[in-house]
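The values are calculated or read from the model by the stated rules, or taken from the named source; none is laboratory data. These numbers were taken from a predicted model, which means no experiment stands behind them. A quick note on method: Cβ atoms are made from the backbone with ideal geometry, for glycine too, and the neighbour counts reach across all protein chains shown. When the accessible area is computed, the model is the full protein with side chains, heavy atoms only, and any ligands, DNA or RNA have been set aside. Shrake-Rupley method; radii C 1.70, N 1.55, O 1.52, S 1.80 Å.
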Amino acid sequence: MRNRSWGKHASFVLSALAAVTPPVCAMDRVRNETKANLAELRYGVTGQGVTVAIMDRGIDWRHPDFIKPDGTTRIKHLLDMTGQLYCEAGNPQPVEYTEAQINAALLGGPPIDSRDAVGHGTVTAGIAAGNGRAFADDRYRGMAPAADLIVVKIVSEGAQQHEDQPAEAPFIGCYEYALDWLDQKINEVGNPCVAIINAGVQYGPMDGTSAVSRKIDQVFGVDRPGRIYATGTGDEGAYPTHAAADYDDTAATSVRFTTGGAPWTITAWYTGSQPAEITVRMDDGAVVGPVPAEDYRIENGISIYQYAPGQEFYPWTSTSGDRAVWIGIDGHAGGGQVEIRGTQPGMGHVDLYIADVFLPIVFDDHLVPGRLSDFAATTSALVCGVYVARIEYIDITGTPRGDTSEGVLGGLWNHSADGPTRDGRLGVDVATPGHHIFAAYGQTSYWKYCCPWNQIQDGGGWYGRQGAASGAGPILVGALALMLEMNPSLTGEEARQILQDTARSDGFTGPTPNTHWGYGKLDLLAALDQMAGVVRGDLNCDGAANVLDINPFVLALLNPAAYAMQFPGCNVHNADINGDGGENVLDINPFVALLLGP
Ligand SMILES: [Ca+2]
Ligand SMILES: [Ca+2]
């Protein structure tokens, strides 16, 4: 320690405050890890007066986590798009349910014919905003337990028939319609809103120019006060699902792939001003192409469609000016290659994607980073990577369960998708502890039926396990709801800056920012502190933390009342240097480190 007199101060303060301990909370791990509990203790934030909009597989509207203590629903509006296929004509009309209808149904009136057949949407809502009422001490409440909800059932991968529940067919609703509807309902409720579409893969331009991304920008945007859109990165991290290469007109550039033979697709985006021919050449001898720009070919189980810029199908319909290619391959197990060759002088660049990891096809060379979902590449989106919050738990039967195969505790989840976006933005703002967390489970969902080991001990069957980007995104959504409660006119870009400024780096994140963690781990207390004007280490309120703050720091720790009198208007929380929610002996070493600098 360089400052000997400070050393004496420190040892004195240490002995004086040795009995002080940081607050202990019984909440689930995520609220502690993100410092949501500390943020609530210090600022009283619970999401009150904020709308959380969940676009997912629906919601178990009967679950106690979405019902207020007075028995009425927390759902202000519910839209069900079951049976749709994007925005195609002839789709079943979306069905809207009001708060009053849901309340009547809760009281035994006409039932609401909307459910979360899969279970995913209920978990999303629970993580972001469940109030924890289904179990003692609100133990499994989400991040913003007093927020209002608007729910859109916008997608489903389908669910099997089970018990007395019918099967559900897969569907994808019309995102444009849903977002326009949501825009209206947010205005009707009149409160700030943070929203998520908790779905999405690498299918689209991945640069913020798809129809869905542009609609999200329109409804939320970077500078619309009180409107924020957030999402997780995606689940494709570390998988061989993104390849890229330069090409020109002198020789074909070849990207190798291996397919299992089942039908699926490769999509590609390349430089709009450098038109190219595309050929698919399989090792089994099948060759289709070259297919010129804005042409197509279907032969031998292989389809190649080349779109003119902006003329792709919905929801791609990109405004980037780049050219898209859709390649379908069926019945050709084994190796092959996509060949791209320019048809005029000059260099172009091509990105090739496999939509998600469940498809039986991988790239074998030209692999590059950048596996965000198309929705996560939205310009206005605040995006979180995923880190591991839990590697062990006990299931509802009392059986210990573990999963150490997808990352170490505190480390990045192995498949957290990474930036950059295709247009070169970092693509990740912060990371949240989304893998293996506990939240509300839909009581009639397929998840609850199929996989009882995912239900946790001490949850009464109401709560279960979730993970991946789907677990992480709603944590960020809930955190943003608390930030909107602090400042209802906060914009997305302001929130992004605060989250980036206040994120924590550690041995797992390595140097930040980077394309996996963004600026580091979400620290909600630090974020709200920054919003409240806290400057850690500045105890005399002159705007800087330096040697002049040593005596006021000691006073703040020893005698907060005297400190308040001597430094009126100063914030005693400026002395919570380590950000653990208290001003005490544990802040001494961090304060010294702060003064001594890096
Ligand atoms: Ca100062
Ligand atoms: Ca502290």
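Exactly one residue among Ala562, Ala593 is assigned to a helix (DSSP H, G or I), open to solvent by 20 Å² or more (accessible area, probe 1.4 Å), more than 26 Å from Val194 (Cα to Cα) and more than 16 Å from ligand 2 (Cβ to nearest atom), and that residue is Ala562. All of Glu96, Glu88 fail the test of being open to solvent by 30 Å² or more (accessible area, probe 1.4 Å) and in contact with a Leu (Cβ under 7 Å, 6 or more places away or on another chain), apart from Glu96.
Quick check on my filter: what residues within region 572-588 are without any contact (Cβ under 8 Å) to a residue 40 or more places away in the chain and either open to solvent by 30 Å² or more (accessible area, probe 1.4 Å) or aromatic (Phe, Trp, Tyr) (or both)?
Initial filter on region 572-588 (without any contact (Cβ under 8 Å) to a residue 40 or more places away in the chain): 572, 575, 578, 583, 587.
Answer for region 572-588, where residues must be without any contact (Cβ under 8 Å) to a residue 40 or more places away in the chain and either open to solvent by 30 Å² or more (accessible area, probe 1.4 Å) or aromatic (Phe, Trp, Tyr) (or both): Val572, Asn578, Glu583.
Of the residues making up region 530-559, those that are within 13 Å of ligand 1 (Cβ to nearest atom), more than 13 Å from Val572 (Cβ to Cβ) and of a type in the set (A, V, I, L, M, F, W, C) number 5.
What do you reckon, is Pro488 in contact (Cβ under 8 Å) with a residue 24 or more places away in the chain, part of a loop (DSSP other than H, G, I, E, B) and within 28 Å of Arg133 (Cβ to Cβ)? It would help to see each step written out before you state the result.
Details: in contact (Cβ under 8 Å) with a residue 24 or more places away in the chain: yes; part of a loop (DSSP other than H, G, I, E, B): yes; within 28 Å of Arg133 (Cβ to Cβ): yes.
For Pro488, the condition - in contact (Cβ under 8 Å) with a residue 24 or more places away in the chain, part of a loop (DSSP other than H, G, I, E, B) and within 28 Å of Arg133 (Cβ to Cβ) - is met.
Residues that are in contact with a Pro (Cβ under 9 Å, 6 or more places away or on another chain) and open to solvent by less than 10 Å² (accessible area, probe 1.4 Å) do not occur anywhere in region 68-78.
Residues in region 522-546 that are touching a Ser or Thr at 6+ places or on another chain (Cβ under 9 Å) and assigned to a loop (DSSP other than H, G, I, E, B) were compared, and the one that is farthest from ligand 2 (Cβ to nearest atom) is Leu522. For region 503-521, the set of residues classified as buried (at least 23 other Cβ atoms within 10 Å of the Cβ) and out of contact with any Ser or Thr (no Cβ under 9 Å at 6 or more places or on another chain) consists of Thr509 only.
Out of all the residues in region 296-311, which are surrounded by 15 or more Cβ atoms within 10 Å (Cβ to Cβ), outside any strand (DSSP E or B) and not aromatic (Phe, Trp, Tyr)?
Filtering region 296-311 down to residues surrounded by 15 or more Cβ atoms within 10 Å (Cβ to Cβ) leaves 297, 300-307, 309-310.
When the remaining residues are screened for being outside any strand (DSSP E or B), the result is 300-301, 307, 309-310.
Asn300, Gly301, Pro309, Gly310 - these are the residues of region 296-311 that are surrounded by 15 or more Cβ atoms within 10 Å (Cβ to Cβ), outside any strand (DSSP E or B) and not aromatic (Phe, Trp, Tyr).
Can you confirm whether region 180-191 contains a residue that is part of a loop (DSSP other than H, G, I, E, B) and assigned by TED's automatic domain parsing to the domain that holds His77? Yes, region 180-191 contains a residue that is part of a loop (DSSP other than H, G, I, E, B) and assigned by TED's automatic domain parsing to the domain that holds His77.
Could you please find all residues in region 241-256 being small (Gly, Ala, Ser) and part of a loop (DSSP other than H, G, I, E, B)? Even if it seems obvious, please write down each step before you answer.
Keep residues of region 241-256 that are small (Gly, Ala, Ser), which gives 243-245, 251-252, 254.
Across region 241-256, the qualifying residues are Ala251, Ala252.
Of all residues in region 121-139, those that are open to solvent by 60 Å² or more (accessible area, probe 1.4 Å) have Cβ atoms under 8 Å from Cβ atoms of residues that are part of a helix (DSSP H, G or I), 6 or more apart or on another chain, in Arg133/Pro64; Arg133/Asp65. Of everything listed in (1) open to solvent by 20 Å² or more (accessible area, probe 1.4 Å); (2) more than 23 Å from Gln165 (Cβ to Cβ), the single unmet condition for Pro110 is (2).
Per the listing Phe363, Phe375, the residue uniquely buried (at least 18 other Cβ atoms within 10 Å of the Cβ), in contact (Cβ under 8 Å) with a residue 40 or more places away in the chain and closer than 24 Å to Ala276 by Cβ is Phe363. So is Val338 in a strand (DSSP E or B) and not assigned by TED's automatic domain parsing to the domain that holds Ala417 or not? Spelling it out, Val338 is indeed in a strand (DSSP E or B) and not assigned by TED's automatic domain parsing to the domain that holds Ala417.
State whether one or more residues within region 562-570 are of a type in the set (Gly, Ala, Ser) and in contact with a strand residue (DSSP E or B) (Cβ under 8 Å, 6 or more places away or on another chain). Within region 562-570, none of the residues are of a type in the set (Gly, Ala, Ser) and in contact with a strand residue (DSSP E or B) (Cβ under 8 Å, 6 or more places away or on another chain).
Taking only region 154-196 into account, find how many residues are under 20 Å from His77 (Cα atoms) and either of a type in the set (Asp, Glu) or touching a helix residue (DSSP H, G or I) at 6+ places or on another chain (Cβ under 7 Å) (or both). Adding up the residues that qualify gives 13. Say whether the condition of being among the small types (Gly, Ala, Ser), open to solvent by less than 50 Å² (accessible area, probe 1.4 Å) and in contact with a strand residue (DSSP E or B) (Cβ under 6 Å, 6 or more places away or on another chain) is met by at least one residue in region 441-454. Scanning region 441-454, I find no residue that is among the small types (Gly, Ala, Ser), open to solvent by less than 50 Å² (accessible area, probe 1.4 Å) and in contact with a strand residue (DSSP E or B) (Cβ under 6 Å, 6 or more places away or on another chain), so the answer is no. Scanning region 350-364 for residues that are among the charged types (D, E, K, R) and closer than 13 Å to Gly336 by Cα yields a single hit, Asp364. Here is the figure for region 413-469: residues that are of a type outside the set (Gly, Ala, Ser) and outside any loop (DSSP other than H, G, I, E, B) total 19. Checked against the criterion of being of a type in the set (Gly, Ala, Ser) and open to solvent by 50 Å² or more (accessible area, probe 1.4 Å), region 218-239 contains one or more residues that satisfy it.
May I ask you to list the residues in region 535-549 that are touching a residue at least 40 places away in the same chain (Cβ under 8 Å) and either within 17 Å of the chain's Cα centre (by Cα) or open to solvent by less than 20 Å² (accessible area, probe 1.4 Å) (or both)?
The answer is Gly537, Asp549.
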